[in-house]
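**Q** Okay, here's the structure, questions in a sec.
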Amino acid sequence: MADQKQSDRPKKAEAQSPAKVRKGGFFKRLLLLGLFLVMAYLGFHVYFIWQPVGKPEKFNQQVMDLELSGVKVFPAIKSYDVDEIDGRRELLNGTRLPVSPLPQRLKTAIERNEPVSFHEREVNAWLRKRLQVKQGGLLEKELSVVGTWVNFKPGEIEFAIERELPKGIRHVTSIFMRFEPIDNGFSIHRHASQVGQVKLPGGFARLVMPAFSAMAEELAEELKLYRDESKGAEKALQIHDVVVEHGRITLDPRLSNQPAR
């Protein structure tokens, strides 16, 4: 009897093996399918990262508009209308826009302790004259910088670098910044970045920051008007509030609840 029971055990094990194999194979195929879908989803974003500015092609627009139960399948993929930037088209066409002495106006506002506003068009005209940005690195021979722009939207500033790719294709990389009020001042928060036709969360801004850091270094003298470390930690910050509207930014040197002189 003992021998018979022992001989039955392998048969029962053998009877269960095919079911376990089938179950394991199903989960393996399901896992591979999931990985494939994730890779395909990310692959779409990589494709759109290299897409030019302007009106999207028909296929690209269909992907942007694709919805599932009323929810966009690719919410980060959006068309980028570079023509909405004030002054860009005129400057690229060679139109000479008046260049306002922005640093001097800001310096005067700080001395008088009163707010000063700058319009998007005049800031872009000033940047066009002040900055001569060139493409460097491995892509120096393939890309050229067309211009650097600001785009003022309610509550945020966009800094954009427009480049020209081979065959005259225009491509934009930008970062979006918000100003969040704190005691007697504000903090700057990089909350998003735009690369091609993809708007990425703020964490991805680190990938494009080197080019913008180089711009900040070039404008170091002008930025001293905003924060001058030579005056000591308590007096270093000279602008205590920033208000961004559509097409306009207002810098205010007054402390909270402090009236202008």
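**Q** Just to verify a result, which residue in segment 217-261, among those that are at pLDDT 80 or above and touching a Leu at 6+ places or on another chain (Cβ under 7 Å), is least open to solvent (accessible area, probe 1.4 Å)?
**A** That would be ILE239.
**Q** If you don't mind, another one. Quick one: would you say ARG163 is in a strand (DSSP E or B), open to solvent by 50 Å² or more (accessible area, probe 1.4 Å), of a type in the set (Lys, Arg) and under 25 Å from ARG128 (Cβ atoms)? Talk me through it step by step, then tell me what you get.
**A** Details: in a strand (DSSP E or B): yes; open to solvent by 50 Å² or more (accessible area, probe 1.4 Å): no; of a type in the set (Lys, Arg): yes; under 25 Å from ARG128 (Cβ atoms): yes.
No: the conditions fail for ARG163.
**Q** Let me ask another. Among the numbered criteria (1) assigned to a helix (DSSP H, G or I); (2) over 20 Å from ASN124 (Cβ atoms), which single criterion is violated by MET215?
**A** Result: MET215 fails condition (2) only.
The values are calculated or read from the model by the stated rules, or taken from the named source; none is laboratory data. Not measured: the values here are computed from a predicted model. Positions of Cβ are backbone-derived with ideal geometry, glycine not excepted, and every protein chain shown enters the neighbour counts. Side chains included, ligands, DNA and RNA excluded: accessible areas come from the protein's heavy atoms. Shrake-Rupley method; radii C 1.70, N 1.55, O 1.52, S 1.80 Å.
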